[in-house]
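The values are calculated or read from the model by the stated rules, or taken from the named source; none is laboratory data. Small disclaimer: the values here were computed from a predicted structure and weren't measured. When we count neighbours, we look across all protein chains shown, and the Cβ atoms used for this are built from the backbone with ideal geometry, even at glycine.
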Amino acid sequence: MRHIISVRDLAREAIDGLLDRAAEVEARQYDPNLLRGRILGLFFFEPSTRTRMSFESAMARLGGVSLNMGSVEASSVAKGETLADTIRVVSGYVDAIVLRHPKEGAARLASEFASVPVINAGDGAGQHPSQTLLDLYTIRKSMPLDGLRIGLLGDLRYGRTTHSLAIALSLYGAEIAAVAPKGLELPSGIVQELADRGTSVAEYSAVEDVIADLDVLYVTRIQRERFPYTASYLDVASSYRITPELVGLARPHMIVLHPLPRIDEIDPRVDALPNAKYFEQAHHGVSVRMAMLSEVMG
Amino acid sequence: MTHDGPQGLLISPIRHGTVIDHITAGQALNVLRILGITGTTTEEVSVATNVASGRVGRKDIVKIENRELCKEEVDRIALLAPDATINIIREFTVIEKKGVEHPHELLGVVRCPNPGCISNTAEPARSRFIVVPNGLRCHYCDWLISKEIAAHIL
């Protein structure tokens with residue numbers, strides 16, 4: 001049984017294989033009845049729009065159906081049931097589980113109690129492998145993944161997408177430039193792990209200092225819920241903003257990515273530039289998740 | 001007080017049990033914690049700390065009566081005292097002497113310091129850490145413990 005829990009579990013060959021399959025899906029080279037008669041269970045203990053809907057779309061396009069747990073308040077979780085028990089029970093209802101949960105390691109735990117494959121759709125500040133795969137897929141459509149110089153900008157402390165992406169890119173010899181407001185820098189454990197994987201991280205205090213050297217700029221939002229006071233949130237959130245003028249300092253081939261939703265960190269005027277790839281990135285979520293569902297259930 | 005005569009043994013020999021020698025100085029009590037030996041357990045235990053040693057300068061020694069450590073227990077000690085040697089004693093005789101090896105993983109030994117980790121909830125998740133070159137990595141949340149491992153022993 002194949003679970004997809006963390007990019008740390010994926011060798012480069014496995015990632016390349018999933019991205020190749022996503023490319024075939026995008027080119028309409030897939031069986032629309034591959035998962036006919038199969039049921040995907042969606043268990044989202046935290047809010048989600050893109051991830052949940054793109055998994056539902058992916059399942060429908062492969063001929064299967066989705067069952068949604070609904071809100072936590074309307075489920076047995078509200079009665080105090082453990083995740084482990086929930087997973088054991090619903091394993092009898094569905095053919096695969098997509099799980100988002102606020103606790104780190106929840107998907108790993110679920111995989112130990114499930115009798116069907118589990119896909120991690122985000123666990124706290126931990127892993128979000130389907131997001132990472134679609135990030136890689138979007139980059140690969142513009143340039144080879146090997147030897148990239150990527151800038152990670154924003155909340156690098158709590159932002160799980162940047163952690164997963166950095167770990168995955170270490171398999172491709174990336175150089176990482178980290179630009180974060182004070183207090184939201186990459187955790188030392190991640191920096192150490194990247195160093196152990198042979199990937200150097202250079203820290204910058206302003207994106208202007210490094211943008212001219214980048215192939216990819218990966219922007220994330222500051223999460224308001226991390227700040228107890230609105231004023232401190234606004235101070236940090238307004239400390240960077242990607243504008244057409246800033247993108248003008250970059251090399252022409254540099255692309256701008258963002259896992260979305262964005263707030264104010266990217267000026268809407270950037271959307272019209274050829275460098276802006278974040279909406280394409282979101283659209284690729286369906287192809288990549290179709291590849292993942294094929295992998296675990298096909 | 002004089003020391004003219006032969007000095008007595010710092011700790012008397014044991015009849016049956018385990019002697020853990022060459023423990024990194026200062027780590028004896030942590031070794032006992034990692035073995036789950038506390039004031040509420042029944043083992044008869046002798047501890048010597050900062051004993052002069054020709055091999056490592058200073059060392060700690062622990063003797064545990066009537067308990068022979070199994071390999072899993074012995075390997076846990078490697079995290080705190082990589083140079084420790086384990087002597088299994090029967091009828092005052094060393095019948096087995098072995099070093100310690102780093103285990104591949106630790107089950108139920110260390111608490112994950114990440115408050116957001118699923119292993120720190122009411123879920124049936126037993127603490128599980130993978131031993132990596134620079135410390136311990138939580139099996140669930142990937143948190144890395146790279147220093148002061150003893151502070152996280154359950």
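Can you work out which of the residues in the stretch B:54-66 that are in contact with a strand residue (DSSP E or B) (Cβ under 8 Å, 6 or more places away or on another chain) and either in a loop (DSSP other than H, G, I, E, B) or of a type in the set (S, T, N, Q) (or both) is nearest to B:THR41 (Cα to Cα)? Among residues in the stretch B:54-66 that are in contact with a strand residue (DSSP E or B) (Cβ under 8 Å, 6 or more places away or on another chain) and either in a loop (DSSP other than H, G, I, E, B) or of a type in the set (S, T, N, Q) (or both), the one nearest to B:THR41 (Cα to Cα) is B:ASN66.
Just a yes or no: is a residue in the stretch A:66-79 in contact (Cβ under 8 Å) with a residue 60 or more places away in the chain and either part of a helix (DSSP H, G or I) or within 27 Å of A:GLN192 (Cα to Cα) (or both)? The answer is no, given that none of the residues of the stretch A:66-79 is in contact (Cβ under 8 Å) with a residue 60 or more places away in the chain and either part of a helix (DSSP H, G or I) or within 27 Å of A:GLN192 (Cα to Cα) (or both). Checking each residue in the stretch A:156-199 for being hydrophobic (A, V, I, L, M, F, W, C) and within 14 Å of another protein chain (Cβ to nearest Cβ) picks out A:ALA166, A:ILE167, A:ALA168, A:LEU186, A:ILE190, A:VAL191, A:LEU194, A:ALA195. Determine if the stretch A:33-49 includes at least one residue that is surrounded by 16 or more Cβ atoms within 10 Å (Cβ to Cβ), among the hydroxyl-bearing types (Ser, Thr, Tyr) and at pLDDT 95 or above. Checked against the condition, which is being surrounded by 16 or more Cβ atoms within 10 Å (Cβ to Cβ), among the hydroxyl-bearing types (Ser, Thr, Tyr) and at pLDDT 95 or above, the stretch A:33-49 yields no hits at all. A:VAL98 meets the conditions (1) in a helix (DSSP H, G or I); (2) in contact with a helix residue (DSSP H, G or I) (Cβ under 8 Å, 6 or more places away or on another chain); (3) away from chain B (no Cβ under 14 Å) in every case but one. The failed one is (1). Applying the criterion of being touching a Lys or Arg at 6+ places or on another chain (Cβ under 9 Å) and basic (Lys, Arg) to the residues of the stretch B:90-125, the residue that is nearest to the other protein chains (Cβ to nearest Cβ) is B:LYS98. For the stretch A:108-151, residues that are within 12 Å of another protein chain (Cβ to nearest Cβ), in a loop (DSSP other than H, G, I, E, B) and not small (Gly, Ala, Ser) total 1.
Out of B:LEU136, B:LEU69, I need the residue that is within 14 Å of another protein chain (Cβ to nearest Cβ) and either touching a residue at least 40 places away in the same chain (Cβ under 8 Å) or in a helix (DSSP H, G or I) (or both). Which one? The unique qualifying residue is B:LEU136.
Matching residues to (1) surrounded by fewer than 16 Cβ atoms within 10 Å (Cβ to Cβ); (2) outside any strand (DSSP E or B):
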position	(1), (2)
B:ASN50	yes, no
B:ALA122	yes, yes
B:TYR140	no, yes
B:ALA151	yes, yes
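When B:ILE130 is tested against (1) in contact with a helix residue (DSSP H, G or I) (Cβ under 9 Å, 6 or more places away or on another chain); (2) part of a strand (DSSP E or B); (3) within 14 Å of another protein chain (Cβ to nearest Cβ), just one condition goes unmet, and that condition is (1). Against the condition surrounded by fewer than 18 Cβ atoms within 10 Å (Cβ to Cβ), more than 28 Å from B:ARG128 (Cα to Cα) and modelled with pLDDT of 80 or more, how does B:THR2 come out, does it pass? No, not satisfied. Being within 23 Å of A:ARG108 (Cβ to Cβ) and either assigned by TED's automatic domain parsing to the domain that holds B:ALA25 or crowded, with 16+ Cβ neighbours inside 10 Å (or both): is that true of B:CYS70 here? For B:CYS70, the condition - within 23 Å of A:ARG108 (Cβ to Cβ) and either assigned by TED's automatic domain parsing to the domain that holds B:ALA25 or crowded, with 16+ Cβ neighbours inside 10 Å (or both) - is not met. Candidates A:ALA110, A:ALA174: the one that is closer than 30 Å to A:VAL286 by Cβ and in the same structural domain as A:ILE87 (by TED's automatic domain parsing) is A:ALA110.
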